[in-house]
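To start, the structure under review is shown below, and the notes come after it.
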């Protein structure tokens, strides 16, 4: 899903994946767990914050 938003895989180490997105004037780095079927609410909020996405934008991604 984040790859559809322009994020690219930087590395995978252990149970985490690191993604990067270059934007004008900043670089977004996001770390996500790779082996979980469900992501806890706090973890999801952290991922959204790192990715610069709102909850509404996340919902819109699922509706496409």
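Coordinate-derived values only; no laboratory data. Everything numeric in this text was worked out from a predicted model, so none of it was measured. We place every Cβ from the backbone using ideal geometry, glycine too, and count neighbours over all the protein chains shown.
Ranked by the mean number of other Cβ atoms within 10 Å per residue, highest first, peptides 54-60, 22-28, 41-47 order as 41-47, 54-60, 22-28. Classify the chain as rounded, prolate or oblate, taking a ≥ b ≥ c as the square roots of the eigenvalues of its Cα gyration tensor: rounded when a/c is under 1.5, otherwise prolate if a/b is larger than b/c and oblate if not. Cα axes put the chain in the oblate bin. Normalised by the number of residues in the chain, the average gap of Cα pairs under 8 Å and 6 or more apart makes the relative contact order 21 percent.
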